[in-house]
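Some notes on the structure that comes next.
The values are calculated or read from the model by the stated rules, or taken from the named source; none is laboratory data. All values derive from a computational prediction rather than experimental measurement. All Cβ positions, glycine included, derive from the backbone under ideal geometry; neighbour counts span all protein chains shown. Surface areas here come from the heavy atoms of the whole protein model, side chains and all, with no ligands, DNA or RNA. Shrake-Rupley method; radii C 1.70, N 1.55, O 1.52, S 1.80 Å.
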Amino acid sequence: MDSPVTMGHTRRLFRLARGLLCLGRRGIQDIQKGLQTMWRRWGSSLVLGSCLAWGAVATGHAETVDLAGIKYETVEQVGGQKLQLNGAGIRYKAIFKVYAAALYLPSKMGTPDAVYGATAAPRRIHITMLRDIDGNELGKLFTQGMEKNSPRDVFAKSINGTIKMADLFSKRKKLATGESFTVDWIPGTGTVISVNGKPELDPIKEPEFYTALMSIWLGPSPADTQLKDALLGKARSARGDS
């Protein structure tokens, strides 16, 4: 995987460094602004480019990927099958980190359709909160994201599961920083939602529910476009670069 950092990015850092020497406090502020901009543009790609050890995944050795202090295994077991980390990234809202997300699949997949179509094998998305969030608000946002990104017939068949999921999060009142939940698709069982490692609902049988849920992050209007690319294992270049 090629690194998204180019000589142009390096030159920008040198210019910022010269500003620090020449401008004192103002230079420090320029450095801070520059680094914040670089992280928002390339942060997910840098993490993926430097941390995702695909060779280790292929050989089955246990490795971890660190995202804002959250460690994700590169291999997890779901439904009796080993899944590999397809990609991981951070959901931002403005400049704030909301949660880290990791997508586990039976094999490398680089398109949403491939992920949606893998109904014969287990799949997992693992979310870890990076800030406190109201459970009712999270449930509403997920429901809106599913409706916005799913074909009408798919969303119609997922309504039963969507209501159960929204009710689950609203009853929890709050998901605190560091808490996590997984959403697993297990063939023959359905969708299993676990909070902090504990299953919270009976399995949701409809495969359309899992497809609609995944569209929150992988659909045409995803929650975060950079997170979508990160989950699909795609390194992003700087915006505006060819």
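Taking residues in segment 188-213 that are without any contact (Cβ under 8 Å) to a residue 40 or more places away in the chain, and partners anywhere that are aromatic (Phe, Trp, Tyr) and not in a loop (DSSP other than H, G, I, E, B), the pairs with Cβ atoms closer than 6 Å and at least 6 places apart or on different chains are THR191/TRP185; THR191/PHE209; THR191/TYR210; VAL195/PHE181. Taken residue by residue, segment 126-138 has at least one member that is more than 13 Å from SER215 (Cβ to Cβ), under 20 Å from the mean Cα position of the chain (by Cα) and without any contact (Cβ under 8 Å) to a residue 12 or more places away in the chain.
Looking across segment 116-152, the residues that are under 16 Å from ILE216 (Cα atoms), open to solvent by 20 Å² or more (accessible area, probe 1.4 Å) and assigned to a helix (DSSP H, G or I) come down to TYR116, GLU137, LYS140, LEU141, THR143, GLN144, GLU147, LYS148, ARG152. Restricting attention to segment 211-224, the residues that are part of a helix (DSSP H, G or I) and either more than 19 Å from ALA88 (Cβ to Cβ) or open to solvent by 30 Å² or more (accessible area, probe 1.4 Å) (or both) add up to 2. Would it be correct to say that ALA102 is modelled with pLDDT of 95 or more and either on the phi < 0 side of the Ramachandran plot or surrounded by 21 or more Cβ atoms within 10 Å (Cβ to Cβ) (or both)? Spelling it out, ALA102 is indeed modelled with pLDDT of 95 or more and either on the phi < 0 side of the Ramachandran plot or surrounded by 21 or more Cβ atoms within 10 Å (Cβ to Cβ) (or both).
Table: residues versus (1) aliphatic (A, V, I, L, M); (2) more than 15 Å from the chain's Cα centre (by Cα); (3) within 19 Å of GLN81 (Cα to Cα).
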| site | (1), (2), (3) |
| --- | --- |
| SER170 | no, yes, no |
| VAL183 | yes, no, yes |
| ILE193 | yes, yes, yes |
| GLU200 | no, yes, no |
| GLU208 | no, yes, no |
| THR211 | no, yes, no |
| ILE216 | yes, no, no |
| GLY219 | no, no, no |
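Report yes if some residue within segment 154-175 is touching a residue at least 40 places away in the same chain (Cβ under 8 Å), outside any helix (DSSP H, G or I) and not polar (S, T, N, Q); otherwise report no. Within segment 154-175 (the criterion being touching a residue at least 40 places away in the same chain (Cβ under 8 Å), outside any helix (DSSP H, G or I) and not polar (S, T, N, Q)), the answer is yes, since at least one residue qualifies.
Sort through ALA176, ALA166 and tell me the only one that's within 23 Å of VAL65 (Cβ to Cβ), hydrophobic (A, V, I, L, M, F, W, C) and open to solvent by 20 Å² or more (accessible area, probe 1.4 Å).
After applying the criteria, what remains is ALA176.
Here GLY219 does not fit the description of being small (Gly, Ala, Ser) and without any contact (Cβ under 8 Å) to a residue 60 or more places away in the chain. Within segment 92-131, being out of contact with any Ser or Thr (no Cβ under 7 Å at 6 or more places or on another chain) and within 12 Å of ILE70 (Cβ to Cβ) holds for LYS97, ALA101, ALA102.
Report whether or not LYS108 is assigned to a loop (DSSP other than H, G, I, E, B) and charged (D, E, K, R). So LYS108 fits the description; yes.
Looking across ASP113, ASP202, one residue alone is closer than 29 Å to LYS234 by Cβ, open to solvent by 70 Å² or more (accessible area, probe 1.4 Å) and either modelled with pLDDT of 95 or more or of a type in the set (Asp, Glu) (or both). It is ASP113.
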